[in-house]
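Contents: one structure, followed by commentary.
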Amino acid sequence: MHSDGSGTTTSPGIRIPGPRSEPEVGPTPEDPTGDRLLVPDETCWRIERADRYAVFVDAADYFATLKQALLGARRRVLLIGWDFDPRIRMDPRAGGRGRDDRLGRVLEAAVRRNPELEIGVLVWDLGMVYGLGRGLAPIVLLGRRTPDRLTFTVDTHHPVGGAHHQKIVVIDDCLAFAGGIDVTADRWDTPEHPDSSRPRARPGSHRDMGPWHDVTSLVSGPAARAIGDLARERWASAKGEHLEPVEGVEPCWPEGVEPLLTDVEVAISRTRPEHGGESLVHEIELLWLAVVAGARRTLYVETQYFANRRVAEAIAARLQEPDGPEVVVLNPHEAWGWLEEKAMGSARAALLDLVQEADRYDRFRMYVPVTASRRPIYVHAKVTVVDDRLLRIGSSNLNNRSMGLDTECDLGIEVHEASPDREALAAAVLGMRDRLLGEHLDVAPADVAAAVERAGGSLIGAIEELRRPTGRSLVPFQRPDLGPAGRVLADTQLLDAERTPNRWQRIRSTFGRRRRHHPLG
């Protein structure tokens, strides 16, 4: 290890950019987790085994699989989201009557099919305000016409300005979906991302809402039961009703879903704001800092925003190292809505200045995916791939509020020295990165892997080789001029708060505990 003299410890090890020197972390006999990125009670809540683990890229296959799982549920479904729209179609590519394919009808059919089934839907309260803007009057009818065993609850248990941003569905504590896709309008799309698509139209409208890229994951076994624990905690805080775990429902894996991995450890990382007697949980922020510090060759990120200064400073520090990693970020062309673009777009422009100024070895790129006609594809996915070492998929964005103001849930898989089938696990992690890039570059995943090899291991070199001047591809993000108002928004973080009192002290305290096992000198 070495220091650059600015109080920032460089790789390998944990680095937290700040005004004072930070702890160095590495494996020791006293602390065998020192070289791991996913550490319970620090960068994750729990690590549990998943019997099976699958990834859905874009919402079309996810919604179709979720419909199948809902109709097969036996005891309980908890559907927890930032937003929810019972009018959306779950599988518009299938035959049959469209009305029977709508989410609300699917939920009703599930409870009527099984007299023992109870379904709870829990949605952020202000998410309903967004729904009213879409003409979401049917949300009221959902509660009026359904059996008592289908309960819709609005969750008001959050700080002022905070949001419940987790996207979780737990079925019988046997199956759990978690990631970036809400079961709502404007999410459905296929990996082909055509220029126009009738199924992408908002309910009650014929207007195509545009191409949308998103990712979520599916687990079964103990990992699903652990996510069930998290879902029941949310339900109890919102309704004051404590639900018992569901026991003895096996098997439950949906037909036709090919798992990416079997019998694998899955880590659950959370953000939970300090509110109502609950302490701050910021495992996701600590994990961001750990993955930036721990990346060796490549850090690949798909994120809706690039708006967190602490993480941007950590990236900038790595870019100043002569042997640091390449960093590739996929972002949307602009934020969803003019107000978000003012806030998040301004922050992105300011932080890009910081990162690009530090990029003395030309190892940073930000790209935007485009369709065949060069229409920007909206990136809503929240994915991180670190070398062939870590895959993380979740609900958290790379912004301030995801680090301490909103509730978030990410799932991570790490390859470490003690991992069974280590080579196969590492291949799956890299394979997911290549699958995502293959989708964006309109090539096969194997073509991405081959291009990386030809480029001597350089991910940027591979992307530049495969990018096309026309048609579907990736295009470099062009930073707009901030202007005076944009600079004020970026500097004040007015619309992207992080209400987490004393967070910096908490971060230092967390890694200070690890430092005791790793004395300097």
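The values are calculated or read from the model by the stated rules, or taken from the named source; none is laboratory data. The shown structure was predicted, so the numbers you read here are calculated from the model rather than taken from an experiment. With ideal geometry, Cβ positions are generated from the backbone for all residues, glycine too; neighbour counts draw on all protein chains shown.
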Residue in region 53-77 that is surrounded by the fewest Cβ atoms within 10 Å (Cβ to Cβ), counting only those that are assigned to a strand (DSSP E or B) and more than 19 Å from the chain's Cα centre (by Cα): Arg76
Close pairs (8 angstrom Cβ cut-off, 6 or more residues apart or separate chains): touching a residue at least 24 places away in the same chain (Cβ under 8 Å) and more than 18 Å from Asp83 (Cβ to Cβ) in region 183-201, in a loop (DSSP other than H, G, I, E, B) and β-branched (Val, Ile, Thr) anywhere: His193/Thr371; His193/Ile377; Pro194/Thr371; Asp195/Thr371
Answer from Arg49, Arg99 - the residue that is surrounded by fewer than 19 Cβ atoms within 10 Å (Cβ to Cβ), in contact (Cβ under 8 Å) with a residue 40 or more places away in the chain and among the charged types (D, E, K, R): Arg49
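Specify the residue that is farthest from Ala50 (Cα to Cα); the eligible residues are those in region 449-462 that are touching a helix residue (DSSP H, G or I) at 6+ places or on another chain (Cβ under 9 Å) and not in a helix (DSSP H, G or I). Give the steps one after another, and end with the answer.
Applying the first criterion (touching a helix residue (DSSP H, G or I) at 6+ places or on another chain (Cβ under 9 Å)) to region 449-462 yields 449-455, 458-459, 461-462.
The next check asks that each one be not in a helix (DSSP H, G or I); those that pass are 455, 458.
Values: Ala455: 35, Ser458: 32 Å.
That would be Ala455.
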Qualifying positions in region 326-345 - of a type outside the set (Val, Ile, Thr) and either over 21 Å from Thr371 (Cβ atoms) or modelled with pLDDT under 85 (or both): Glu326, Ala335, Trp336, Gly337, Trp338, Leu339, Glu340, Glu341, Lys342, Ala343, Met344, Gly345
Residue in region 162-170 that is on the phi > 0 side of the Ramachandran plot and out of contact with any His (no Cβ under 6 Å at 6 or more places or on another chain) present: no
Selection count where residues are at pLDDT 95 or above and in a strand (DSSP E or B), scope region 26-52: 9
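Within region 438-454, is there a residue that is hydrophobic (A, V, I, L, M, F, W, C) and touching a strand residue (DSSP E or B) at 6+ places or on another chain (Cβ under 7 Å)?
Filtering region 438-454 down to residues hydrophobic (A, V, I, L, M, F, W, C) leaves 441, 443-444, 446, 448-452.
Filter once more, keeping what is touching a strand residue (DSSP E or B) at 6+ places or on another chain (Cβ under 7 Å): 441.
There is at least one residue in region 438-454 that is hydrophobic (A, V, I, L, M, F, W, C) and touching a strand residue (DSSP E or B) at 6+ places or on another chain (Cβ under 7 Å).
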Failed item in (1) in contact with a helix residue (DSSP H, G or I) (Cβ under 8 Å, 6 or more places away or on another chain); (2) over 21 Å from Leu319 (Cα atoms); (3) at pLDDT 95 or above, with Arg93 passing the rest: (3)
Those strands (runs of 3 or more DSSP E) lying entirely in region 214-306 with at least 2 residues farther than 27 Å from Glu423 by Cα and in the same structural domain as Leu411 (by TED's automatic domain parsing): 261-272
Some residue of region 205-212 being farther than 30 Å from Asp442 by Cβ and aromatic (Phe, Trp, Tyr): no
